[in-house]
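In what follows, a structure is listed as structure tokens, so that the remarks can point back to it.
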Amino acid sequence: MEYGLIGGQLGHSYSRQIHEMVGGYSYELNPLPTEAEARAFLQQRNFKAINVTIPYKRLVMEYCDELDPAARAIGAVNTVVNRDGRLYGYNTDYAGFGWLARRHDVRFTGKTVMILGTGGTSNTVAAVCRGAGARAVYKVSRSGRDGALTYERAACHPEVEILINTSPAGMYPDVGSCLVDLEDFPNLEAVLDVVYNPFRTELLLRARARGIPAYCGFEMLVAQGVYAAEIFTHRSLDKNNWIRRIHRTLKRDLCNVSIVGMPGCGKSTVGESLARELGKTYVDLDEWVERRAGMPIPDIFEREGEAAFRSYEAQAVAAVSKEHGQVIACGGGVIKTPGNARRLHQNGPVLWVRRPVQFLATSGRPLSTGREALRRMEAEREPAYRAAADAVVDNTASLQEAVRAAAAAFEQTFDPEE
């Protein structure tokens, strides 16, 4: 391997796409599940340059002949270059996190910062915050060792103004976890999460629900990759331009778009065509439920009732929404189950497809028993559709017009920080 990434588990990594876009070289993912394998790889020194991720950012320092001063001070290395057999260690996470904060005008000067997690990335983030003049920086861990607060003690610091997660909490595939209750921090001005898969962790979703600016680690990932590529190639890059371009390109490709709306409004028809238009995988949640239950949806309602169907549907949302690059057509009542809309927002926008009641299809739909029933259903569900949706797509004209409108809505909403 000439260029690549080493770490314990790399199935979630996007480093290959980033490096091959900016560097023009072949980049390999080399998972090393055990410390013995990592040590053997580093001893051989059979590479030109590598990135290093969890859990080897500290271990790799033992093999570096020279360390960049920032990497030495932080106590973690994520970039190693082999120059004539000598290994040089750097930390581009420092520059990457600094870029993320500057990009969104998160200012640490005079602020009280709390960092969740105490690993190598935590040290990097703490160094950025202190270097930018933070008034106080607290670290938090489950054990509370080495001067860190426990999570119980962390809740006793309502003065915290900036909260940063550097732990794996909420990271794919174990999405949905959150280590703190944001109600304990009434003075929060910003929340950042270095986790980049999903795009919106549970922590970020909770922050946004409270109106707190919240930012994902995907931009940090891209930024540190571009900084590393500059070190790999010994070329001076227009980093801001490359970071913005790669971030937008990759996020557009990876984002989901979920479609909600009344039964019979055309979600599946629009969704299938939209998937082709955007080059994404089409997923029909009702079909997922039918495969899981082993019977058609009308039979589920007849034999097991609506509550059982909603349980199957919630399982489908949980499984599908944490994956990427999909157009997801949802059942009409998906928004009735608490938590479904939040999960759909993990990896992309939600579009509400609207069609007048008189044009809604009714055949084969257990709850669509007539126009009057549909009108009552629409009145009941409209507030939930409106609350869940990032954009509304009118479906009263041709299919082509609806798909064009949906594609335009996706382009405008998939990256709300732009």
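The values are calculated or read from the model by the stated rules, or taken from the named source; none is laboratory data. Predicted model, so just to flag it, every value in this text is computed and none were measured. Every residue, glycine among them, receives a Cβ derived from its backbone with ideal geometry; neighbour counts consider all protein chains shown. In case anyone asks, the SASA skips ligands and DNA or RNA and just uses the protein heavy atoms, side chains included. Shrake-Rupley method; radii C 1.70, N 1.55, O 1.52, S 1.80 Å.
Give the residue, chosen from R381, R343, that is open to solvent by less than 40 Å² (accessible area, probe 1.4 Å), basic (K, R) and part of a helix (DSSP H, G or I). Write out each step before concluding.
Values: R343 fails: open to solvent by less than 40 Å² (accessible area, probe 1.4 Å).
Going through R381, R343 in turn, just one is open to solvent by less than 40 Å² (accessible area, probe 1.4 Å), basic (K, R) and part of a helix (DSSP H, G or I): R381.
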Q.
Just to check your reading of the model, which residue among T249, T269 is among the polar types (S, T, N, Q), open to solvent by 10 Å² or more (accessible area, probe 1.4 Å), out of contact with any Ser or Thr (no Cβ under 6 Å at 6 or more places or on another chain) and within 30 Å of A223 (Cα to Cα)?
A. T249
Q: Considering only residues that are hydroxyl-bearing (S, T, Y) and within 24 Å of P213 (Cα to Cα), look in region 145-166 and name the one that is surrounded by the most Cβ atoms within 10 Å (Cβ to Cβ).
A: T166
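Listed here are the residues, each with its yes/no results for (1) surrounded by fewer than 16 Cβ atoms within 10 Å (Cβ to Cβ); (2) touching a strand residue (DSSP E or B) at 6+ places or on another chain (Cβ under 6 Å); (3) more than 29 Å from E401 (Cα to Cα).
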{"residue": "I300", "(1), (2), (3)": "no, no, yes"}
{"residue": "G305", "(1), (2), (3)": "yes, no, yes"}
{"residue": "Y312", "(1), (2), (3)": "no, no, yes"}
{"residue": "A319", "(1), (2), (3)": "yes, no, yes"}
{"residue": "H324", "(1), (2), (3)": "no, no, no"}
{"residue": "V327", "(1), (2), (3)": "no, yes, no"}
{"residue": "G348", "(1), (2), (3)": "no, yes, no"}
{"residue": "P356", "(1), (2), (3)": "yes, no, no"}
Q: Determine the pairs where a residue that is over 15 Å from N78 (Cβ atoms), located within region 30-51, has a partner that is exposed (fewer than 14 other Cβ atoms within 10 Å of the Cβ) and not acidic (D, E) with Cβ atoms under 8 Å apart, the partner being 6 or more residues away or on another chain.
A: P31/Q9; P31/G11; P33/Q9; R45/G85
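Quick one: would you say V392 is open to solvent by less than 10 Å² (accessible area, probe 1.4 Å), of a type in the set (A, V, I, L, M) and either in contact with a strand residue (DSSP E or B) (Cβ under 6 Å, 6 or more places away or on another chain) or closer than 21 Å to S177 by Cα (or both)? Please lay out each step first, then the result.
Numbers: open to solvent by less than 10 Å² (accessible area, probe 1.4 Å): no; of a type in the set (A, V, I, L, M): yes; either in contact with a strand residue (DSSP E or B) (Cβ under 6 Å, 6 or more places away or on another chain) or closer than 21 Å to S177 by Cα (or both): yes.
The answer is no for V392.
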Q. Of all residues in region 35-57 being under 21 Å from M171 (Cβ atoms) and in a loop (DSSP other than H, G, I, E, B), which is modelled with the lowest pLDDT?
A. I54
(Q) Anything in region 98-112 that is at negative phi, within 22 Å of the chain's Cα centre (by Cα) and of a type outside the set (K, R)? List them, or say none. (A) G98, W99, L100, A101, H104, V106
